[in-house]
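Here's the structure we're looking at; comments come further down.
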Amino acid sequence: METTLRGVGVSHGVAIGEVRHMGTAVLEPPAKQIPEEEATREQGRARQAVEAVAADLIARGSLAGGEAQAVLEAQALMAQDPELMADVERRVTVGSTAERAVYDAFAAYRALLAGAGDYLAGRVADLDDVRNRIVARLLGVPMPGVPDSDEPYVLVARDLAPADTALLDPALVLGFVTEEGGPTSHSAILARALGVPAVVALPGAGEIAEGTVVAVDGSTGEIVIDPDEATRAELARAAEERKAALAATSGPGATSDGHTVPLLANVGGPADVAAAVEAGAEGVGLFRTEFLFLDDSAKAPSQEKQAAAYRQVLEAFPEGRVVVRVLDAGADKPLDFLTPGDEPNPALGVRGLRTLLDHPEVLRTQLLALAEAAEGLPVHLEVMAPMVADRTDARAFADACREAGLRAKFGAMVEIPSAALRARSILQEVEFLSLGTNDLAQYAFAADRQVGAVARLQDPWQPALLDLVAASAQAARAEGKSCGVCGEAASDPLLACVLTGLGVTSLSMGAASIPYVRAALGRHTLAQCERAAVAARAADTADEARLAARAVLSGE
Ligand code: PEP
Ligand code: MG
């Protein structure tokens, strides 16, 4: 029988497929004692699990080929290391269960590797992955991390961290469903970047059985479990119709009376550029450079490596605008070598620009890499800092850019309410503003963007958030400077019209949303957008604001 569940739709489209759960981090198996007579059986279980994991890694390697094959085969060798196995067996003999023995033996080996110089220390993550696989198999729980599947699937997770998502194969993930997270969580952002339908903040998602067929409607936020043929056909037809209508739109973003609003793409690196170009992005409005830093949590990538990645993005938009955000580490994007591990409240601690001002060498290397990457290109490079709180922050960032000899426009992200309230003062130091509405909502409403239970407050239609957007846009207009939106608010077609009516000068979003926003803008005049903005701000709740704007825009 069909059942329908409802969450928050965050990335348009419909996906129908089997559920695969994202395995959670391996739990530490309890350290219970087993009777002596069970030792032989436990040793057998451990050996079997090790062999099965090694065989699986080898099989995957031969499917993947290339560099991945070498890595997977090396992992299979780690699993079968005779000394490790001997240690596991010894631990079982003195009373450990197979899973606990594997866990402890790997921990001892890990400590050795971690202390053995750069190269071997770099293998620790691979070793952890092998251990997790063996322990998960012994406990009979799903493999931790991204599901092992050769067939396309709908990924169900509690939430997705950037480090997990970097490993996803876009060819296999049909759509996402998460139990936690709001419209601005990383799962939502990633889903939009991949252009796959997604629903977040869905209570009970974790209970949907592995292998169940679900239909995910990322526009309505509905999940149909075990959809019957008629439902599948209806959903697929509606999605096709929407796609065909959108494919008909092209060209620069503008209202129907010709008020231009450049439509820019949010990218995480060179891999996202092709989709942005294909969607007709007029440039990049937010290059989230922290994704380049995730490969190695022990140190920053070299200037050379960074410059090569930046150049690939800059070259894709030879005449366009590319807004690069300097590293935004901390809080939900911690980096071992930069983020203090002992903060009681990381979202309110040293993150974003604060981290960079504490580590000026990291900021300088990044700015030098950007200068190197832009050398000789006609691109309009703009560089902005995340989490600017006040004019002092803005000046410190602009000074660092000047000292690095960067020829670019310098800007500040408005992500903290203080920056929106004092936008004119910040604009004395920088040339543009970009509204990060995800964090702006988080800080305005004291609502953690990773917590599904407070998704209501993360709704970008909240009138208080619209007030902060209006204050920033008005300040920029008064200073004769630009103020874009690069938070997820820009990807909602109806809200994009309201933002335009509030006076924002560009909209930046995941590439897949661009056609939807372009189509919505092209259906309304600037005056209609302005009226919708007034109506939305006059409302008391997010739902009322949405309805009020819709009434204005559809009634005219
Ligand atoms: C934001 O906070 O709105 C933003 C664009 O930055 P991020 O989502 O990367 O924190
Ligand atoms: Mg942010």
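The values are calculated or read from the model by the stated rules, or taken from the named source; none is laboratory data. These figures come from a predicted structure and were not determined experimentally. A quick note on method: Cβ atoms are made from the backbone with ideal geometry, for glycine too, and the neighbour counts reach across all protein chains shown.
Among all positions in segment 324-334, there is no residue which is more than 14 Å from ligand 2 (Cβ to nearest atom) and among the charged types (D, E, K, R).
Kindly indicate which of Ala347, Ala412, Ala420 is buried (at least 24 other Cβ atoms within 10 Å of the Cβ), within 16 Å of ligand 2 (Cβ to nearest atom), touching a residue at least 40 places away in the same chain (Cβ under 8 Å) and among the aliphatic types (A, V, I, L, M).
Numbers: Ala347 fails: buried (at least 24 other Cβ atoms within 10 Å of the Cβ); Ala412 fails: touching a residue at least 40 places away in the same chain (Cβ under 8 Å).
Within the list Ala347, Ala412, Ala420, the selection yields Ala420.
If I filter segment 309-344 down to residues being in a helix (DSSP H, G or I) and surrounded by fewer than 18 Cβ atoms within 10 Å (Cβ to Cβ), which single residue comes out as farthest from ligand 1 (Cβ to nearest atom)? Looking at residues that are in a helix (DSSP H, G or I) and surrounded by fewer than 18 Cβ atoms within 10 Å (Cβ to Cβ), I get Glu315. Per the conditions (1) part of a loop (DSSP other than H, G, I, E, B); (2) of a type outside the set (D, E, K, R); (3) within 16 Å of ligand 1 (Cβ to nearest atom), the sole criterion not satisfied by Gly405 is (3). Before we move on, is Leu499 out of contact with any helix residue (DSSP H, G or I) (no Cβ under 6 Å at 6 or more places or on another chain), closer than 20 Å to Leu427 by Cβ and within 16 Å of ligand 1 (Cβ to nearest atom)? In short, yes.
In segment 229-276, the qualifying residues are those that are acidic (Asp, Glu) and without any contact (Cβ under 8 Å) to a residue 12 or more places away in the chain, and the one that is surrounded by the fewest Cβ atoms within 10 Å (Cβ to Cβ) is Glu229. Please determine, by comparing only the residues of segment 369-388 that are more than 19 Å from Lys481 (Cβ to Cβ) and part of a loop (DSSP other than H, G, I, E, B), which one is farthest from ligand 1 (Cβ to nearest atom). So, considering only residues that are more than 19 Å from Lys481 (Cβ to Cβ) and part of a loop (DSSP other than H, G, I, E, B), the one farthest from ligand 1 (Cβ to nearest atom) is Gly376.
For segment 409-430, name all the residues that are in a strand (DSSP E or B) and away from ligand 1 (no atom under 16 Å from the Cβ).
Just the residues of segment 409-430 that are in a strand (DSSP E or B), to begin with: 409-414.
Those that are in a strand (DSSP E or B) and away from ligand 1 (no atom under 16 Å from the Cβ): Lys409, Phe410.
Does Glu51 fit the bill of being at pLDDT 90 or above and crowded, with 20+ Cβ neighbours inside 10 Å? It is false that Glu51 is at pLDDT 90 or above and crowded, with 20+ Cβ neighbours inside 10 Å.
On the basis of being part of a helix (DSSP H, G or I) and over 17 Å from Asp126 (Cβ atoms), does Asp56 make the cut? Before the answer, list the steps.
Values: part of a helix (DSSP H, G or I): yes; over 17 Å from Asp126 (Cβ atoms): no.
No; evaluated as a whole, the condition is false for this residue.
How many residues does segment 480-497 contain that are among the acidic types (Asp, Glu) and within 15 Å of ligand 2 (Cβ to nearest atom)? Residues meeting the conditions: 1.
Just give me the residues in segment 350-377 being closer than 23 Å to Ser187 by Cβ and not basic (Lys, Arg), in sequence order.
Gly352
Given the residues Val102, Val71, which is the only one that is touching a residue at least 24 places away in the same chain (Cβ under 8 Å) and within 27 Å of Asp169 (Cα to Cα)? Explain how you work it out, then say what you get.
Numbers: Val102 fails: within 27 Å of Asp169 (Cα to Cα).
Every option except Val71 fails the conditions.
Just to be sure before I move on: is Gly195 crowded, with 16+ Cβ neighbours inside 10 Å, more than 29 Å from Met85 (Cβ to Cβ), more than 17 Å from the chain's Cα centre (by Cα) and at pLDDT below 90 in the structure I sent? So Gly195 fails the test.
Only one of (1) within 11 Å of His12 (Cα to Cα); (2) within 19 Å of the chain's Cα centre (by Cα) is not met by Val200, so which one is it? Of everything listed in (1) within 11 Å of His12 (Cα to Cα); (2) within 19 Å of the chain's Cα centre (by Cα), Val200 misses just condition (1).
Scanning segment 175-190 for residues that are away from ligand 2 (no atom under 16 Å from the Cβ) and either surrounded by fewer than 24 Cβ atoms within 10 Å (Cβ to Cβ) or at pLDDT below 80 (or both) yields a total of 2.
Going by the structure shown, is Gln75 farther than 30 Å from Asp228 by Cα and surrounded by fewer than 19 Cβ atoms within 10 Å (Cβ to Cβ)? Here the answer is no, as Gln75 does not meet what is asked. Residues in segment 379-395 that are in contact (Cβ under 8 Å) with a residue 40 or more places away in the chain and away from ligand 2 (no atom under 13 Å from the Cβ) were compared, and the one that is surrounded by the fewest Cβ atoms within 10 Å (Cβ to Cβ) is His380.
Suppose we filter Thr437, Thr500, Thr505 for residues that are in contact (Cβ under 8 Å) with a residue 60 or more places away in the chain, under 17 Å from Ala331 (Cβ atoms) and of a type in the set (Ser, Thr, Tyr); which single one remains? Let's see the steps before the verdict.
Details: Thr500 fails: under 17 Å from Ala331 (Cβ atoms); Thr505 fails: under 17 Å from Ala331 (Cβ atoms).
On inspection, the qualifying residue turns out to be Thr437.
For Glu234, the test of being outside any helix (DSSP H, G or I) and over 17 Å from Pro152 (Cβ atoms) is failed.
May I ask you to say which residue of Leu294, Leu353 is of a type in the set (A, V, I, L, M, F, W, C) and either closer than 24 Å to Ala396 by Cα or modelled with pLDDT of 90 or more (or both)? Break it down into steps so the answer makes sense when it comes.
Values: Leu294 fails: either closer than 24 Å to Ala396 by Cα or modelled with pLDDT of 90 or more (or both).
Unique residue meeting the criteria: Leu353.
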